[in-house]
Amino acid sequence: MNSEIKSLKGTAIPKISNDQNTDDIIPARYLKEITFKNMGKYVYFDERFKNGIEIKEHQFNNAKFKGASILIAGANYGCGSSREHAPQALHRFGIKAIIAESFAEIFAGNCASLGVVGVTLPAKEIAALAQQVEKEPKTELSISLQDKTISFAGKKLGFEIPEGKRQSFLNGTWDAMAVLKNSEQEIEKVAEKLDYLKYE
């Protein structure tokens, strides 16, 4: 299983308000579901729908951003509770990367465990990138984890990402299940040596 993530390409959704918390991203009432299967339907639900009516102008409803796989966000993105449902909802909506001014630490870790890449840019560059996407929604962004750059519309920006997370994406170790499967033979060899795993 190849889980390496060296680069990502896609169009973007600009939503650059600061301090967007996990309750904003997915309302608490949807946490009672026993699987994450339907979480993508609930992203920003209380902003996207009012009295059962779709707010077509909302970034996650707006037809011009349909199919986008990159989210452009503001500062302290994913703050609030540490629930993993928020990154699960974004992931299942189709978001593969988030470009923000900064992230809440636990949220960023939960994203990384799903293979959702989180990188940071200064506020001015976030604003300029969002402006470009608002103007030209079909602008393709290319995120290179090898070069730590975002390329778009003939421009290139250097981003920041914790080196440990960058390396885990590059070598595929962000995916704990893939690591276990790739190490199956080694695990079995160790298990054979452990007396307490032997049953008569």
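The values are calculated or read from the model by the stated rules, or taken from the named source; none is laboratory data. Please read these numbers as outputs of a predicted model, since none were measured by experiment. Glycine gets a Cβ as well: all are built from the backbone with ideal geometry, and neighbour counts include every protein chain shown.
Applying the condition of being more than 22 Å from Ser142 (Cβ to Cβ) and of a type in the set (S, T, N, Q) to the range 66-93 and asking which residue is farthest from the chain's Cα centre (by Cα) yields Ser81. The criterion of being under 20 Å from Lys66 (Cβ atoms) and surrounded by 15 or more Cβ atoms within 10 Å (Cβ to Cβ) holds for Val133. Considering the range 105-144 alone, what residues qualify as being small (Gly, Ala, Ser) and touching a helix residue (DSSP H, G or I) at 6+ places or on another chain (Cβ under 8 Å)? Residues satisfying the conditions are Ala108, Ala112, Ser113, Gly115, Gly118. Within the bounds of the range 30-50, is there any residue that is at pLDDT 95 or above, touching a strand residue (DSSP E or B) at 6+ places or on another chain (Cβ under 6 Å) and not acidic (Asp, Glu)? For the range 30-50, residues at pLDDT 95 or above, touching a strand residue (DSSP E or B) at 6+ places or on another chain (Cβ under 6 Å) and not acidic (Asp, Glu): absent. Could you tell me which residue of the range 91-131 is nearest to Val43 (Cα to Cα), considering only residues that are part of a helix (DSSP H, G or I), in contact with a Gly (Cβ under 8 Å, 6 or more places away or on another chain) and touching a residue at least 60 places away in the same chain (Cβ under 8 Å)? Taking the candidates together, the pick is Phe107. In the range 99-108 there is at least one residue matching the filter, namely being aromatic (Phe, Trp, Tyr) and either modelled with pLDDT of 95 or more or under 19 Å from the mean Cα position of the chain (by Cα) (or both).
Taking Leu145 as the residue in question, decide whether it is surrounded by 21 or more Cβ atoms within 10 Å (Cβ to Cβ), modelled with pLDDT of 95 or more and under 16 Å from the mean Cα position of the chain (by Cα). Quick ask: steps written out before the conclusion?
Details: surrounded by 21 or more Cβ atoms within 10 Å (Cβ to Cβ): yes; modelled with pLDDT of 95 or more: yes; under 16 Å from the mean Cα position of the chain (by Cα): yes.
Yes: the conditions hold for Leu145.
Considered as a group, the residues in the range 66-83 that are over 24 Å from Ser151 (Cα atoms) and in contact with a helix residue (DSSP H, G or I) (Cβ under 6 Å, 6 or more places away or on another chain) include one that is surrounded by the most Cβ atoms within 10 Å (Cβ to Cβ), and that residue is Gly78. Just one of the numbered conditions (1) of a type outside the set (D, E, K, R); (2) under 27 Å from Phe169 (Cα atoms); (3) modelled with pLDDT under 95; (4) touching a His at 6+ places or on another chain (Cβ under 6 Å) is not true of Val116: (3). Which condition from (1) of a type in the set (A, V, I, L, M); (2) crowded, with 18+ Cβ neighbours inside 10 Å; (3) over 11 Å from the mean Cα position of the chain (by Cα) is the one that Ala63 breaks? Condition (2) is where Ala63 drops out.
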